[in-house]
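Notes for the one structure printed next.
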Amino acid sequence: MSVVDPSDNQRPADWSRKPERSNMLALRVIVWIALTCGRRVARLVLHPISVYFLLFSPSARRNIKRYLQRAIGPNVGWRDGYRLLYAFASTVLDRVYFLRGRWDLFDVSINGNVPVEAEALAGRGAFLLGAHMGSFEALGACKHRSPDAPRLRAAMLMFPDNARQITAILNAISLPEMRPHVIALGRANSMLALRDWLDTGGMAGLLADRTLPGQEGDPGVQRGNNLSIPFLGKPAIFNDGPFRLAVLLRRQVYFMSGLYLGGARYDVQFEPLADFSKRITDPAERERRILEAVETYVARLEYLCRKYPYNWFNFHDFWLEDAR
């Protein structure tokens, strides 16, 4: 592990300000097909969409190949890239049904949720760290798995500006009780909003597999160090800002994932990552525990990438190979 100099030319790209590759009319048509014709018919549309992006998005195709070669092996082909894109398109489509409360269409298994729910229902809140893997909306199964399930509230910490079109459409068609609450990062009151949400027993999820942009000065973003940590056989940059935020708020941290298993099957998993609920007065001990938590997070992400290689939806230059 090493700390990356912020002035280094190989600092992560600012992915949050990249425009989404989508068209408002196309998105509306897909949503209309999903709601009018049903999931079986709508999934047929995903095949040409996946082929289109595989053929006409060379940057994403290049980065997908790099990732899959590390997760699966050097002999990956176009079928592997297609499978990953199709899985991604499937989870985006299923968001429509999750946000409409159509849990009857899916087979969702839930594992490790008991301690997370206990933290939330005890009024301490649950601080969840995930990755761009599977579906965050699948976590809603924890709230709707049965009439006797505890009433849980979930929020997503995110930069909302780089996916405005699809977010606007999904918000328009979702039921109010299904729509996840969003705590926008990069705002002056982001940390206070998160603290208040957790203090009232809410669950808050953050995808920590991308380095947050603007951390050197933007308000509302917990500053952190960019760490170079081995990931899938080669050093990659991860930021410890989310863990510093957990230390500041004195929270337990859990790894979350809503893995897509194909068809209509999802597997929601929770695992403990770190316990920062008690104040750490020794700076050296604090840094040691933060580093240990980041390395545990990266190790868990690597394990899932190898076991479920078509679930990690990160189409960016993650290992900074273009920069070199």
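The values are calculated or read from the model by the stated rules, or taken from the named source; none is laboratory data. This structure is a prediction, so every number in the text was calculated from the model and none was measured. We place every Cβ from the backbone using ideal geometry, glycine too, and count neighbours over all the protein chains shown. Only protein heavy atoms, including side chains, enter the accessible area calculation; ligands, DNA and RNA are left aside. Shrake-Rupley method; radii C 1.70, N 1.55, O 1.52, S 1.80 Å.
Values for this structure:
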{"read-out": "Under 5 Å, built H, 5+ apart or other chain: amide partners of residue 183", "value": "156, 157, 158"}
{"read-out": "Lys, Arg +1 and Asp, Glu -1 on Cβ, resulting dipole of the stretch 218-324 about Cα centre, debye, nearest 20", "value": "280 debye"}
{"read-out": "Rounded, prolate or oblate (a/c below 1.5 giving rounded, otherwise prolate when a/b exceeds b/c) for the stretch 285-324 by Cα gyration tensor", "value": "oblate"}
{"read-out": "Per-bin percent of Cα-Cα distances, the stretch 216-303 [5 Å]", "value": "3, 13, 20, 21, 18, 13, 7, 3, 1, 0"}
{"read-out": "Debye equation applied to the C-alpha atoms of the stretch 49-128, log10 I(q)/I(0) at 0.13, 0.23, 0.26 Å⁻¹", "value": "-0.67, -1.00, -1.11"}
{"read-out": "Accessible area (Å², 1.4 Å probe, nearest 10) - residue 231", "value": "0 Å²"}
{"read-out": "Inter-part distance where the stretch 291-321 and the stretch 222-283 are each reduced to a Cα centre, Å", "value": "11 Å"}
{"read-out": "108, 182, 96, reordered so the largest accessible area comes first (probe 1.4 Å)", "value": "182, 108, 96"}
{"read-out": "Simple label model, 7 Å out from Cα along Cβ direction - residue 28 to residue 107, nm", "value": "3.8 nm"}
{"read-out": "Interchain or long-range residues, amide H under 5 Å from residue 129's placed H", "value": "206, 254, 255, 256"}
{"read-out": "Stretchable slack from residue 36 to residue 285, in nm (0.36 nm times residue separation minus alpha-carbon distance)", "value": "84.0 nm"}
{"read-out": "Taking only Cα atoms of the stretch 252-324, radius of gyration then Dmax in Å", "value": "16.0, 50"}
{"read-out": "In order through the stretch 54-70: 3J(HN,Hα) via Karplus (6.51 cos²θ - 1.76 cosθ + 1.60), integer Hz, x for Gly, Pro", "value": "5, 7, 10, 10, x, 5, 5, 4, 5, 6, 4, 4, 4, 5, 5, 4, 7"}
{"read-out": "Amide H partners (placed H, <5 Å) of residue 227, local residues excluded", "value": "4, 238, 239, 240"}
{"read-out": "Label-to-label distance, nm, for residues given as residue 181 and residue 100 (7 Å Cα→Cβ offset)", "value": "2.7 nm"}
{"read-out": "For the stretch 233-243, 3J(HN,Hα) per residue [Karplus equation, 6.51 cos²θ - 1.76 cosθ + 1.60, θ = phi - 60°, Hz, x = Gly/Pro]", "value": "x, 8, x, 9, 9, 10, 9, 8, x, x, 6"}
{"read-out": "Gain upon complete extension [residue 192, residue 275; 0.36 nm per residue less C-alpha separation]", "value": "27.8 nm"}
{"read-out": "Residue 72-residue 59 pseudo-label distance in nm [points 7 Å out on the Cα-to-Cβ vector]", "value": "2.4 nm"}
